[in-house]
Every structure is written in C-alpha cells, then in structure tokens.
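What follows is a set of notes on a single structure, which appears directly below.
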Amino acid sequence: MNLLRAKLENCLFELSKCSDDSNKRINWLNNFCAALLEFSSAVHKYMSIQNEAVEMICLCLTQIMICIRQLENIVKVEKSCAAKIAASHHHFVERARWCLKRMLRICPDKNSKQDDLVLNTEGQSFLDLVDSILDTLAPFSNYNEENSYVNVSEILSCPKDTMHLCRRVGSSIDSVLSQTLSFANVALQEDKRALSALCQKVMREFGAFQAECQTSFSASNIKLKTMTMEQALYQLEDFINEALLRLVFQCFLDIEKFSVDKIRNVLRQGDTALSDDFIADFDVNVDRAMQIGVFAVAFAPNLKMKTIVRSCLASFESLDTSLIPSLQASGTDLHSEILEQHFNEEIMKFKTAMHEIIDSGALVGCYLDILTDGIQLAEKNFAKTPLMDLNQMAMLLLEHFQLAVNEKVLKESKCGKGVEYFQQFVRMWRECKAILMCASQVEPQRIIKRFKIMRSILRKLHSCLQTNTKEGMPQEETEQSLGKTNVNEAKLDLSAILPSQRSILYDTRERRSRNQRQMKPVATENTKDNPAEKNKSTKSNAYASIRRKESLRTMMFKRQNMAESRKLYKSITNNQSVNLQISDILDQLTDLSSTFSETQHLLNKI
C-alpha cells in the first residue's frame with residue numbers, strides 16, 4: 001500500500017505542474033500520463049486489495065482517462081484557434097485531481113489498519129436490499145433441507161433475538177423505501193401514485209409482521225404475515241421494473257427534445273422563461289438517467305461494464321455543476337462546446353451500455369405496451385405530437401438491435417423469424433414516420449391504421465423473443481391484486497423516510513441551485529382530490545397500462561434466475577475479472593503515452 005500511495009502522490013505532483021502555456025501542456029500531459037501508467041501497473045500487480053477498493057480505483061482511473069483525452073483535445077483546439085480555454089482546462093484538471101485524492105483515501109498509509117480498506121462506496125442497491133430482507137425472512141416461510149417447515153417457535157423462543165431480527169428487517173425496509181422514493185421523484189407522473197401506494201403497503205405489512213412477532217407465539221400467524229410481506233415486496237419490485245423500463249423510453253426521447261444545443265439556441269434568443277423551462281427539463285432528465293444507471297450498475301454482467309456505467313454517471317454528476325453555467329455565461333462558447341461534446345459522448349456510451357444490459361424481450365414488450373396505450377388515446381382524441389413521440393421512441397429498438405449481442409438474439413429467436421419480423425417492423429416504422437410528415441393531408445384513421453399494423457408486427461416479434469414464460473397468477477387475479485394497492489387504502493405517512501442521496505464519485509453537496517427543478521412530490525391521499533395535482537397527472541397517460549412481468553433480475557436485465565444472477569454479480573471479485581479491467585486501462589494509458597509525442601510533433605508543425 002505504501003508503494004501505491006507513493007505512486008499516487010507522484011501523480012498529484014505531476015498534475016500540480018500543469019502550465020498555462022499551451023505550448024508546454026503536451027509535455028506536461030506526457031509526464032502525467034507516464035506517472036499514471038506507473039501507478040496503474042502497480043495496482044495491476046497488487047491484487048490483494050478488497051473488491052470495493054478495486055471498483056473505486058477502476059472508476060477513478062477511467063475518469064482520469066477521460067480527462068486526459070479531453071485535455072489533449074483542448075490543446076489541439078487551442079493550437080488551431082490561437083486562443084486559451086482556461087475554463088475547460090481547469091474543469092478536467094480538477095476532476096483528475098479529485099479522482100487521485102479519492103484513490104489516495106482508499107490506499108491507507110503504513111499506520112492504518114487493513115480494515116480501513118473496506119469501503120461502502122455506494123451502499124447496497126435496491127435489489128441487494130430486497131434479497132437481504134427475503135433471506136432474513138426465509139426461515140419463517142421456506143422449506144428446510146428436509147422439506148419440512150422450520151419450527152418458527154424455536155426462532156421466537158428468545159424475544160431478544162426476535163426483536164433484533166425485526167430491527168434488522170426494519171432497517172432494510174427503510175433503505176428500500178428510501179431508494180424507491182428517490183426513483184419515484186423522477187418517475188413518470190402516472191407511476192408516482194402507484195409507487196406511493198406500494199411503499200405504504202410494504203410499511204403496513206411490515207408493521208403487522210412486527211406486531212405479530214411481539215405479541216403472538218403462533219407460528220402459523222407469523223408465517224402468514226411473513227408471506228404477506230414478501231408478496232408486498234415482490235409487487236413493489238415488479239412495478240419498479242415496469243416503471244423503470246417506461247422511464248428508459250421517456251428519458252432517451254427527452255435527450256433529443258432538451259439537448260444542450262437547443263438550450264444554447266434558446267439562451268441566445270434571450271427568452272428567459274423558455275430557457276428556464278428547457279433547463280429544468282434537462283436537469284430532470286439527467287436525474288432520470290442517473291436513477292436508471294444506478295439500477296443498471298447493480299446487475300452489470302462484469303466489472304468492466306459496471307465501471308463504464310458508473311463512469312458515465314460520474315461524468316453526468318461532474319457536468320451537473322458546470323455544463324449549464326457554461327451556456328449561461330458570456331464569451332465562453334468554446335468552453336461550452338467542449339463540455340457539450342463531452343456530455344454527448346457520455347450519453348452515447350451510456351445508451352450503448354444500457355442496450356447491452358437490458359433484456360431484448362423486456363424492451364420490446366415495454367414498447368408494445370406504450371404503443372398500445374398510445375393508439376388507444378389516438379382513437380379517442382387524435383393528436384399528431386403524441387404519435388410523433390411514439391414513433392421516435394421506436395428508435396430505441398432500432399438502436400438496440402444494431403448491437404451484435406442483441407442482433408444475435410434476433411437470429412436465435414425460438415420461431416426463427418426474429419430477423420424477418422424486425423425488418424418488417426423497421427419498414428412499417430418508416431411508413432408511420434413518413435405519413436406523420438404529411439398528417440394534415442391524411443385522414444387520422446389512415447395514420448392510426450399504420451400504427452396498428454406496426455403494433456401487430458411488433459407483437460409477433462415480442463412473441464419470438466419470449467424465451468421464458470412465467471407461470472403466475474391469471475391476468476384477472478393479477479389485476480385484482482394490483483388493484484388492492486390503490487391509494488385509498490394506503491394512508492401511512494412516508495414523509496419520515498427521506499429519499500436516498502448518494503453520489504457516484506464527485507462531491508455533490510455544493511451543487512448549483514435548482515429552484516426551478518424541484519421534483520413533484522409523490523402522490524398521497526392528501527393530494528388525491530387536489531385539482532392542481534390532478535391536472536399535473538393528466539399530462540401524459542400513454543404509460544398507464546400495468547402488466548405483470550418478471551422481476552428485475554430476470555426481466556429487465558439479462559439474467560435467467562436468481563442463482564445465476566448472484567453468481568455473475570459475485571464474479572467481479574474474481575482476480576481474472578479485475579486483471580482484465582486493469583489491463584484494459586493499462587493498454588489505453590500505454591497508447592496515450594506513445595501518441596503524445598506524435599501529437600506534439602504534429603502540433604509543432606501547425
């Protein structure tokens with residue numbers, strides 16, 4: 001560890017020697033990159049570091065690599081336009097410095113205990129917490145190895161142990177609800193009320209379980225309360241899965257609607273009210289991407305993919321304090337353009353990572369629901385804009401199946417016609433796009449008919465991709481059980497549970513003011529009959545359909561069962577996975593070091 005600290009301190013020393021003279025910056029980058037290469041090589045050899053520390057080191061190194069490439073681009077721009085971009089240079093240098101200092105805290109000095117390496121970098125994910133609760137409750141509801149029920153009376157024979165178990169479950173329940181409220185803050189408006197009701201149901205069932213443990217010694221009663229609470233958790237997880245997939249479509253649609261370039265143009269026009277609305281929507285959409293990424297990280301298939309997603313989130317986190325202010329400031333067009341290019345690059349990496357993680361059948365099924373609801377709304381009240389949004393959302397499927405790993409899913413579909421159906425879907429999507437361009441000259445029924453044909457093709461494609469069927473409750477029972485989670489019966493107060501506030505990497509306590517981007521509160525009984533809140537929820541009803549789907553661990557992410565998902569998730573502790581990740585970073589650093597001299601030679605000729 002002392003060696004790693006020495007290498008890191010050398011990196012910080014080289015970083016501190018950054019010069020304002022653009023002619024000297026390539027030499028400085030060469031020296032800094034060489035120092036970073038030495039540290040990365042040392043980390044590669046020192047593989048006894050705890051897994052959490054390795055994850056954070058990989059994230060920091062990836063972020064520093066991004067900063068180095070951006071600094072190199074800044075030098076090129078400065079040479080070509082004979083101007084200094086001090087703000088951009090400062091932004092990426094400070095990000096690199098932050099990452100180095102973060103790694104320095106991970107690597108303790110010789111006087112620190114080995115236990116100091118155990119870091120809780122992110123806290124437990126939603127899925128980890130749910131699994132932990134279910135594991136704790138397993139003795140009350142599951143069969144043991146002899147296929148007979150566990151004697152719950154033995155567990156309850158010690159009141160102190162029973163209360164300790166209840167407190168442990170209660171603490172995990174609070175964390176689950178905290179993360180759910182964080183997600184609900186950015187969820188689609190029509191999903192907020194259901195999430196609130198489901199959270200209240202989980203609280204109510206846990207209260208009943210706790211009271212039963214304190215006052216009753218009936219094993220059958222406690223077992224019943226346990227199973228009821230487990231069912232409430234499963235319903236919450238299932239609905240978050242559905243809401244999360246719907247949010248993916250809306251988030252990627254809004255990336256185009258509220259792009260940085262559009263915000264810049266609105267700011268140049270001097271329309272303060274419109275620019276404030278654009279900025280607020282942009283901020284909300286970034287928060288949505290952050291929440292999507294947090295869930296995706298939990299089930300990334302390997303350390304490399306996990307680091308890519310977390311790196312994108314860390315970049316969003318850093319740009320949150322600088323991108324919009326750079327647009328609002330005067331005389332900083334080059335700086336804002338550099339940050340915009342960086343943001344767009346991270347968005348593209350983020351979308352690609354999501355396409356690799358999200359299950360193809362789940363994505364198609366979710367869009368099929370969205371399309372069905374959109375067609376129903378168009379039949380009642382025809383409007384061009386919602387249909388254009390539906391058509392634009394379909395682009396997500398086109399991008400999804402452009403990846404080789406997802407194209408393989410089409411080729412290996414169970415009916416053997418996945419590729420054919422997808423090609424038909426693309427052709428019909430183009431027809432729908434074309435007819436919308438001349439919608440004023442075409443009867444609405446003809447437009448809706450084309451969307452129905454596209455839906456019919458999509459339904460066939462979805463059927464091909466459904467490789468796993470779930471034997472669950474009939475549809476009538478499902479709708480009836482979900483109907484029981486309405487707000488009318490949920491009157492518990494969630495205000496005491498605060499949404500979780502976790503940063504990915506950078507310190508977010510001093511973020512820029514967001515007075516105009518405050519999220520709408522989760523709907524509760526108090527807002528049920530409020531006309532103002534009711535009007536807000538009528539903005540979009542295209543995602544109101546509720547279907548019972550597989551849970552997150554088998555539906556959204558490419559996992560077949562819980563055992564396999566846990567095995568793959570724990571594989572990041574394998575040294576081979578870590579070696580591959582560090583090796584990839586080393587290769588990038590080596591390439592950078594070897595190309596800096598060539599870049600300097602070319603720049604000298606300019």
(Q) Can you order the peptides 431-439, 194-202, 316-324, 384-392 by their average number of other Cβ atoms within 10 Å per residue, highest first? (A) 194-202, 316-324, 384-392, 431-439
Q) Between ARG69 and GLN402, what is the FRET efficiency for a Förster distance of 25 Å, r being their Cβ-Cβ separation, to the nearest 0.05? A) 0.50
Q) Which shape class applies to the range 275-331: rounded if a/c is under 1.5, otherwise prolate when a/b exceeds b/c and oblate if not, where a ≥ b ≥ c are the square roots of the Cα gyration tensor eigenvalues? A) oblate
Q | Portion, in percent, of the accessible area of the range 162-305 that falls on carbon or sulfur, probe 1.4 Å | A | 53 percent
Q) When Lys and Arg each count +1 and Asp and Glu each count -1, what net charge do the other residues less than 13 Å away from LEU398, Cβ to Cβ, add up to? A) +2
(Q) Give me the dipole magnitude in Debye, nearest 20, for the range 392-442 about the Cα centre, with unit charges on the beta carbon: positive for Lys and Arg, negative for Asp and Glu. (A) 100 debye
Q) Share of the range 308-352's accessible area from carbon and sulfur, percent, 1.4 Å? A) 53 percent
Q: Post the alpha-carbon centroid distance, the range 399-461 to the range 287-340, in whole angstrom.
A: 32 Å
Q.
Testing the spin-label approximation: label points 7 Å from Cα along Cα→Cβ at ILE453 and ASP333. State their distance in nm.
A. 4.7 nm
(Q) At 0.36 nm per residue, and after removing the present C-alpha to C-alpha distance, how many nm does the segment from VAL93 to SER503 gain when stretched out fully? (A) 145.6 nm
(Q) With a cap of 13 neighbouring Cβ atoms within 10 Å, and only residues DSSP puts in a loop, list the GluC sites (Glu not before Pro) found in the range 369-410. (A) none
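The values are calculated or read from the model by the stated rules, or taken from the named source; none is laboratory data. Since we're looking at a predicted model, the values are computed, not measured. Methodologically, a virtual Cβ is constructed for each residue, glycine included, from the backbone with ideal geometry; neighbour enumeration extends over all protein chains shown. What goes into the accessible areas is simple: the full protein's heavy atoms, side chains included, and nothing from ligands, DNA or RNA. Shrake-Rupley method; radii C 1.70, N 1.55, O 1.52, S 1.80 Å.
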